[in-house]
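The values are calculated or read from the model by the stated rules, or taken from the named source; none is laboratory data. These figures come from a predicted structure and were not determined experimentally. Cβ sites come from the backbone with ideal geometry, for glycine too, and all protein chains shown count toward neighbours. To get the accessible areas, we keep the full protein, side chains included, count just its heavy atoms, and leave off ligands, DNA and RNA. Shrake-Rupley method; radii C 1.70, N 1.55, O 1.52, S 1.80 Å.
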Amino acid sequence: MHSKKQEDGLKKYEVTFIFDPREEVETLKNYVKELFKSQNGSVIDEKDWGLRKLAYSINKRDKGFYYIVNAQLDETKNEVLKRELNLKEPVLRYLFIKKA
């Protein structure tokens, strides 16, 4: 359990990812967890929603693998994490939602 002092700078997020289904999903999930860890954050909980049809085509894909994490991250590291995700081609989309 973290002390109050450690948690002061950390914010809680729910992050939804859509991965390219042609890629190795376990590798992408590990990439996400390591990315949070590299920015002094952590993944608290994770859920696989599996392969789902997309509402619209993304990069010529009509299906994507949905992966949701609840994580803690320093708010100042948020942009760094997003920049890294933008460079990772198999990550079709992501959405950060700050939790209260």
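In contact (Cβ under 8 Å) with a residue 60 or more places away in the chain, aromatic (Phe, Trp, Tyr) and not in a helix (DSSP H, G or I): does that describe residue 17? Show your work before the answer.
Values: in contact (Cβ under 8 Å) with a residue 60 or more places away in the chain: yes; aromatic (Phe, Trp, Tyr): yes; not in a helix (DSSP H, G or I): yes.
Yes, satisfied.
Mind listing whichever residues of the range 5-25 are under 16 Å from residue 96 (Cα atoms), open to solvent by 30 Å² or more (accessible area, probe 1.4 Å) and out of contact with any helix residue (DSSP H, G or I) (no Cβ under 7 Å at 6 or more places or on another chain)?
Quick first cut of the range 5-25, residues under 16 Å from residue 96 (Cα atoms) only: 10-19.
Subsequent filtering for residues that are open to solvent by 30 Å² or more (accessible area, probe 1.4 Å) retains 10-12, 14, 16.
Selection gives 10, 12, 14, 16.
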Picking from 29, 53, 63, 77, the residue that is in contact with a Lys or Arg (Cβ under 6 Å, 6 or more places away or on another chain) and in contact (Cβ under 8 Å) with a residue 24 or more places away in the chain would be 63
